Amino acid sequence: MAALSSSPSLRHLLLLRPRLLISPTCLAGSFSRRHIHGSRRLFSSASSSTLTYGDAVSTHGDADGVVDVNPPRGTRDFPPEDMRLRTWLFDHFREVSHIMAFEEVDFPVLESEALFIRKAGEEIAQQLYNFEDKGGRRVVLRPEITPSLARLVIKQGKSVSLPLKWFTIGQCWRYERMTRGRRREHYQWNMDIFGVPKVRAEAELLHAIVLLFQRLGVTSSYVGIRVSSRKVLQAVLNMYSIPEHLFTEVCVIVDKLGKMTREEIEKELISTGLSSEAVQGIIDVLSLKSLSKLEGSGVEAVADLKKLFSFAEQYGYADWICFDASVVRGLAYYTGIVFEAFDREGKLRAICGGGRYDRLLSTFGSEDIPACGFGFGDAVIVELLKEKGLLPDLSRQVDDIVFPLDEELEGPASGIASSLRKKGRSVDLVEDKRLKWIFKHAERINASRLILVGNSEWERGMVRVKILSTREEFEALTVVGALLVGWSGLIMTHETHQEGAVAPT
């Protein structure tokens, strides 16, 4: 040992010496180790492997004082397997945004209530989680993100140059009836463009949506994007001299086309005071599925829609989009082109949606800027990926397990783990377990290597390494002197070294 520690040529080197393969039983016998008796047991309400993204297992306590372990109705916990899926999806959101040259922004989830109370008749006004804070201010948990974005644009003022291309991934809250893919809280990917009045902005946003689908393995045979314009509905309302103040309420009702029967939609429209003739005219126009039938009608939106479809051909996503006059979106601030992505089998609600909102800023007392954007929720797309068998294998993966076989070696094992972590490897340092448990644990977490620190090896300045994929085993020579001054003497990249080779630390 003294010779090893005093050798300057070995101070920061690792020598790998491959040995014969041996079984876990033989491994256990080759070390002196402390036997651990008994086991620790953790309680759980259900095996996490049976849960899917956002699901919950019901557990109820009968005794007084027992806390219900479920999150509030309509919300979700994210255990590790669900969190891995969420992170994977959010990474795709971010990567597509960066590919499209968008910058990331964020906002508080708690906002002023006034930001979301815009026009009477909006369904969202009845779905707010709103309350008065301790300072007497009316606040909400944000139900959507676009108004927060608009607020930040106003706040930034002339300090930023147009166009702005911003994206965010944020949590939203709505107290509404829950359906498949719809909960009372969800995460939403938003992409928005400020300062581009032309249809190029909508074409870019649709390109981003298609890129995301393609990255997830979703094809145009699974998903389509319906496109229309609020100006189509506005033209019909003008034709029948319907008052401007009814526009928002009519939008909310006709946005339910496809979710309710035609008779139910007609009944709701008549209840707003519209004549039967006007209702019939609205339904007839919104049933159009061909843009060519609007040509020559004088509807202002036709030229913009034709330009958008021309761009779709040039971008290469024309097979994803189709004209559908029934798309109006339920929020009051949309002013032009609107769109929604849908699954072609019709099993799910809208996957995402958005459009142009050129006059939103003036509702907050600021000068309007041309703008458009979309919101893409996390819940529905996961349902679609499940439906199509496109969810990835996101099992836990760890590079190394470091295991001291004796209590007096816990210090050296800590140093070895620290050294490997500094080199960017994920390391699980485990103590107080049987070797049989360690091997099962390594399989559970898909560990690449097992590094065993035992007395007989350590006395010779060695540790034993097992490559778990090939079951190859070898001893690694550590430089005790280097370990003592900083635990930097151990490097484990066996695949890049031959027998007898030395690797700098």
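Read-outs throughout are calculated quantities, based only on the coordinates presented, and are distinct from any laboratory measurement. Keep in mind that what you see is a predicted model, and the values were worked out from it rather than measured. With ideal geometry, Cβ positions are generated from the backbone for all residues, glycine too; neighbour counts draw on all protein chains shown.
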Quick calc, Ser287 & Gln314: beta-carbon distance into FRET formula, R0 35 Å, rounding 0.05, result 0.75
For the range 293-361, using Cα atoms only, the Rg and Dmax in Å read 13.3, 37
Straight-line reach check, Lys198, cutoff 19 Å on alpha carbons, 8 or more apart in-chain or any other chain, hits among aspartates and glutamates -> Glu300, Asp304, Glu313, Asp358, Glu367, Asp368
Within the under-10-Å Cβ sphere about Gln171, not counting Gln171, Lys/Arg +1 and Asp/Glu -1 give a net charge of -1
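How large is the convex hull of the C-alpha atoms of the range 177-257 per residue, in Å³?
Working: hull volume 14.4 nm³, N = 81.
Expressed per residue, the convex hull around the Cα atoms of the range 177-257 is 178 Å³.
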The size of the Cβ-based charge dipole (Lys, Arg +1; Asp, Glu -1) of the range 267-392 about the Cα centre, to the nearest 20 debye, is 220 debye
Averaged over all viewing directions, the convex hull of the alpha carbons in the range 220-269 casts a projected area in nm² of 4.4 nm²
One finds, for Glu244 and Val66 with R0 = 56 angstrom and r their Cβ-Cβ distance, a FRET efficiency to the nearest 0.05 of 0.50
In the range 245-333, taking the dipole from +1 charges on Lys and Arg beta carbons and -1 charges on Asp and Glu beta carbons about the Cα centre, the listed residue (Tyr317, Val299, Ser287) farthest towards the positive end is Tyr317
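What ranking do 68-77, 278-287 get when scored by the average of other Cβ atoms within 10 Å per residue, highest first?
Numbers: 68-77: 13.3, 278-287: 17.4.
Packing proxy ranking, top to bottom: 278-287, 68-77.
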Quick calc: nm separation of the 7 Å Cα→Cβ label points for Glu263 and Lys155 -> 5.1 nm
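Quote the charge dipole size of the range 107-208 about the Cα centre in Debye, to the nearest 20; the model charges only the Cβ of Lys and Arg (+1) and of Asp and Glu (-1). Let's see the in-between values first.
Numbers: 18 positive and 12 negative charges, 9 e Å.
The calculation lands at about 40 debye.
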Here the relative contact order (percent) of the range 251-341, from C-alpha pairs under 8 Å and at least 6 apart, is 40 percent
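Using 18 Å as the Cα-Cα cut-off, could you pick out the over-long pairs in Lys267/Lys347; Lys231/Lys267; Lys347/Lys386? Intermediate values should be presented prior to the final figure.
On the way: Lys267/Lys347 25 Å; Lys231/Lys267 23 Å; Lys347/Lys386 12 Å.
Distance filter (> 18 Å) returns Lys267/Lys347; Lys231/Lys267.
Can you give the extra length, in nm with one decimal, that the chain gains between Thr470 and Thr179 once fully stretched, where that is 0.36 nm per residue apart less the Cα-Cα distance?
100.0 nm
Which peptide among 464-472, 211-219 comes first, and what is the full order, when sorted by highest mean count of other Cβ atoms within 10 Å? Present the calculation step by step, with values, prior to reporting the outcome.
Values: 464-472: 16.0, 211-219: 17.8.
My ranking of the peptides, most packed first, is 211-219, 464-472.
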Between Arg434 and Phe78, Cβ-based FRET efficiency (R0 22 Å, step 0.05) works out to 0.10
One finds the C-alpha centres of the range 328-391 and the range 254-307 to be spaced, in Å, by 19 Å
Partner lysines whose C-alpha sits under 21 Å from that of Lys423, ignoring same-chain residues fewer than 8 away, are Lys466
